[in-house]
There are 2 protein chains.
Amino acid sequence: MKVMMLIAHGSRKQSANDEVRRLAQKVQELGGGDYDAVLPAFLELAEPDIQQGIASCIELGASEIVAVPYFLAAGRHVVQDIPGELACARAGYPGISIEMSQYLGENDAMAGLILQCAQQGGQATR
Amino acid sequence: MKVMMLIAHGSRKQSANDEVRRLAQKVQELGGGDYDAVLPAFLELAEPDIQQGIASCIELGASEIVAVPYFLAAGRHVVQDIPGELACARAGYPGISIEMSQYLGENDAMAGLILQCAQQGGQATR
């Protein structure tokens with residue numbers, strides 16, 4: 001059983017964390033069975049944190065966990081903090097495959113997404 | 001003349017700011033003439049800041065500036081800080097159209113991009 005964990009930074013603003021939770025749900029629907037579940041997790045400031053997220057994946061029956069950093073740049077969080085959390089999780093669950101994918105900003109399709117955004121008026125300030 | 005300003009948060013880590021600068025260049029190339037230029041700007045911690053970025057757009061000859069927030073969630077920066085900076089810029093350049101587009105995380109294509117990321121191994125930690 002394959003589960004994606006979408007790891008966001010986490011915010012003091014609950015509506016921002018809820019955006020991530022809704023997005024994980026949308027990814028699961030769009031994936032159409034590629035992932036048996038897509039769970040959100042947060043590096044800090046919100047729950048579940050990464051260790052709690054991993055535990056939830058395993059409670060669901062995951063044998064393979066793909067952790068996707070929902071981050072734009074390869075800063076300390078992407079280069080050190082998330083890999084460190086995942087290494088810790090691997091030590092606790094040696095029979096489970098736990099891999100980190102590309103972080104969001106690394107994807108080649110990002111430039112195209114920015115062009116799409118530019119053509120659409122913003123909702124955030126209305 | 002239409003110019004896009006790609007507004008990132010800005011980081012203490014220069015390599016992260018350089019990622020944004022390279023991305024702006026890539027967006028310009030991909031846009032194929034939709035925008036006469038695509039300039040990066042930073043809300044904080046890096047330069048050019050938003051006012052400097054607007055001034056650069058106008059020096060280039062921009063009559064229309066589309067500001068794209070390179071942000072994942074509608075937090076304070078997207079809802080208050082960037083609109084505030086743009087309002088300030090409009091007051092200084094009343095003849096120029098300065099509009100804010102969707103922020104990145106608002107785009108409907110985001111879920112698909114996450115699925116793409118999940119299928120690709122990360123480079124950041126290698």
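What follows draws every value from the coordinates through simple rules; no lab data is involved. All values derive from a computational prediction rather than experimental measurement. Neighbour counts are summed over all protein chains in view; Cβ atoms, including those assigned to glycine, are modelled from backbone coordinates with ideal geometry.
General observations
- Whole-number D in µm²/s for segment A:2-118 (Stokes-Einstein; Kirkwood sum over Cα pairs; 25 °C, 0.890 mPa s): 169
- Distance between the pseudo-spin-label points of B:Arg76 and A:Gln52 (7 Å out from Cα toward the beta carbon): 2.3 nm.
- For the options A:Leu115, A:Leu30, A:Leu60, a Gaussian network treatment of chain A with springs between C-alpha atoms closer than 10 Å singles out A:Leu115 as fluctuating the most.
- Principal-axis analysis of the Cα atoms of chain B puts helix B:50-60 at an angle of about 70° to the longest axis.
- Loop-located trypsin sites (Lys or Arg not before Pro) in segment B:1-49 (DSSP state not H, G, I, E or B) with no more than 13 neighbouring Cβ atoms inside 10 Å: B:Arg12.
- The equivalent ellipsoid of the protein assembly as shown has semi-axes of 35, 16, 16 Å, largest first, where each one is the square root of 5 times an eigenvalue of the Cα gyration tensor.
- Anchor B:Lys13: lysines whose Cα lies under 25 Å away (excluding residues fewer than 8 positions away in-chain): A:Lys13, B:Lys26
- Length-normalised contact order for chain B - Cα pairs under 8 Å, 6+ apart - percent: 27
- Net lengthening on full extension, B:Glu64/B:Gln25 (0.36 nm per residue, minus Cα-Cα): 12.2 nm
- Summary of the geometry: segment B:78-124 and segment B:16-35, compared by the centres of their Cα atoms, lie 13 Å apart.
- On Cα atoms only, tilt of B:82-92 relative to the major axis of chain B in degrees: 20
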